[in-house]
Amino acid sequence: MFKPELLSPAGSFDKLKAAASYGADAVYLAGQQFGLRSAADNFTPEELEEAVQFAHAKGVKVYVTLNSFPFDRDMEGLSDFIKQMTRAKVDAVIVSDLGVVSVIARESQIPIHLSTQASCLNAEAGKLWKKMGVKRLILGREVSIQQAGQIKRETGLEVELFIHGSMCMAYSGNCTISNYTKGRDSNRGGCAQSCRFSYKLNYPEGQELEGRFFMSSKDMLGVDLLPYFIEEQIDSVKVEGRMRSILYAGILSKTYREAIDLCAQDRPQFQAQLPGLNAELATVPHREYMQANLMEAADHGSVLDTDSGRKGAHDEFAGVVRKVINGNQLLLEVRSAFNEGELLELLPFQGETQAFHVSPIFNSLGNLKLEQAKVNTLVRIPFVEGADAGHLIRIKRK
């Protein structure tokens, strides 16, 4: 049975490690130029080479985003960046600007994936991009699964669709709101997500409405629709979220890995497991979920509107297991403070999570008992069955 590629976000090296270890087939990230997430922990040339080596060792591909819309002055460093990516052996680049596409096609053999920012919505546009050297179309978010399948058949190109995460209210992400509200160019890496702010609406009749998110979209949730992705043979399903946490990268990669494998191999079992898969996807902070344009065109019901649409469990990221010590302790890098006796949960790379009450907690040397594990410290906690280096642990709070 056909299985789509699972493409996960890697806004930092730790997020890349989490996504790659928890089941992603490929990750996408940015260097320090030409990307649309300037606030992310983007990769230096040395970090990029190390990241590709780590990913490739796990059989995971690395795609680099060059999806900003540069001016002439920004193009000066492009050739050097192409050489850096070639040396690093990246698997593809994600590009939106026609000029950048032409330079990459002329100066390298790196496969080019057309960014969703280019707003490719039909097969004729896809055929033109194909002539320019594009190998994959990351279609505009206005396209349905069925339309994407048709574009694939007519163009002979690979197609990719978003399946989960934040949605931009602008047309395939082409937006200038941040330019006016923050003086930051949305299409050149400076998006401040001004559309996500709460606004006061003043009506002509004098009525005022507080706390309205009238430009903020609900988040996409497409796990239920995996049978349709498979039937249309969508080559890659993409999880949004380079600015999200390491825990987000791990949970989303693990959950969608399990979902894709189940759906491809055992459809009845996939249907039976859907409630649990959806429950796990609800644990990460998110806006109210919707299916966006994946089946039918999104309408006014896709707008978040008020704070009541902000969802997510209260689970927090306890930390990352850095080492198993003598088979009876875990060395944990703490990301959120937790107290002795609290309920934690270990997320193995595969299989069921393991809940446990943590006690005792020691400092990193193991010679001082602690009542609380503090942020940005190393602590020792008792070994949990099946735990290994790289596993994530979360705090279960109600």
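Just so it is clear, none of the values below were taken in a lab; they were calculated from the coordinates. Source: prediction; values computed, not measured. Cβ placement follows ideal geometry from the backbone for every residue including glycine, while neighbour counts extend to all protein chains displayed.
3J(HN,Hα) along the stretch 102-110: 5, 5, 5, 4, 7, 10, 8, 10, 5 Hz, from the Karplus curve 6.51 cos²θ - 1.76 cosθ + 1.60 with θ = phi - 60°, whole Hz, x for Gly and Pro.
As an exercise, use a Förster radius of 35 Å and the Cβ-Cβ distance of Gln350 and Glu231 to find the FRET efficiency, rounded to the nearest 0.05. Walk me through the numbers before you get to the answer.
Details: r = 26 Å, r/R0 = 0.75.
Taking R0 as 35 Å, the efficiency between Gln350 and Glu231 is 0.85.
Computed over neighbours whose Cβ is under 12 Å from that of Ser364, the net charge equals +3, Lys and Arg +1, Asp and Glu -1.
According to the square roots a ≥ b ≥ c of the eigenvalues of the Cα gyration tensor, what is the shape class of the stretch 1-78, taking rounded for a/c under 1.5, prolate for a/b larger than b/c otherwise, and oblate for the remainder?
Details: a/c = 2.35, a/b = 1.75, b/c = 1.35.
Taking the square roots of the gyration eigenvalues as a ≥ b ≥ c, the stretch 1-78 is prolate.
Rank-order 252-265, 285-298 by packing density, defined as the average count of other C-beta atoms within 10 Å over each peptide's residues, highest first.
Values: 252-265: 21.6, 285-298: 18.2.
So the order, starting with the most tightly packed, is 252-265, 285-298.
The slack in the chain from Gln146 to Gln53, taken as 0.36 nm per residue of separation less the alpha-carbon distance, amounts to 29.9 nm. For the chain, the fraction of alpha-carbon pairs lying more than 32 Å apart is 38 percent, rounded to a whole number. Here's how it looks for Gln329: its modeled amide H is under 5 Å from those of Phe383, which are all 5 or more places away or on a different chain.
Please state, to two decimals, what the Cα-based radius of gyration of the stretch 22-147 comes to when divided by 2.2 N^0.38 Å (N = residues).
Dividing the Cα radius of gyration by 2.2 N^0.38 Å gives 1.04.
Annotation: amide H-H contacts under 5 Å for Thr65 (H modelled 1.01 Å from N, sequence separation of 5 or more, or interchain): Leu29, Ala30, Gly31, Ile94.
To the nearest 20 debye, what charge dipole does the stretch 1-130 have about its Cα centre, counting +1 at the Cβ of each Lys and Arg and -1 at the Cβ of each Asp and Glu? It would help to have the intermediate numbers written out before the result.
Working: 13 positive and 16 negative charges, 87 e Å.
Charge dipole of the stretch 1-130: 420 debye, to the nearest 20.
Phi angles across the stretch 56-62 convert, under the Karplus curve 6.51 cos²θ - 1.76 cosθ + 1.60 with θ = phi - 60°, into 3J(HN,Hα) values of 5, 5, 9, x, 10, 7, 10 Hz, Gly and Pro given as x.
Other residues with beta-carbon under 9 Å from the beta-carbon of Ala389 carry, at +1 per Lys or Arg and -1 per Asp or Glu, a net charge of +1.
The H on the amide N of Met169, modeled in the peptide plane, is under 5 Å from the matching H of Ser217, each at least 5 residues off or on a different chain. Backbone phi angles across the stretch 71-84, fed through the Karplus curve with coefficients 6.51, -1.76 and 1.60 (θ = phi - 60°), yield HN-Hα couplings of 8, 4, 5, 7, 7, 4, x, 5, 4, 5, 5, 4, 5, 4 Hz in residue order; Gly and Pro are listed as x.
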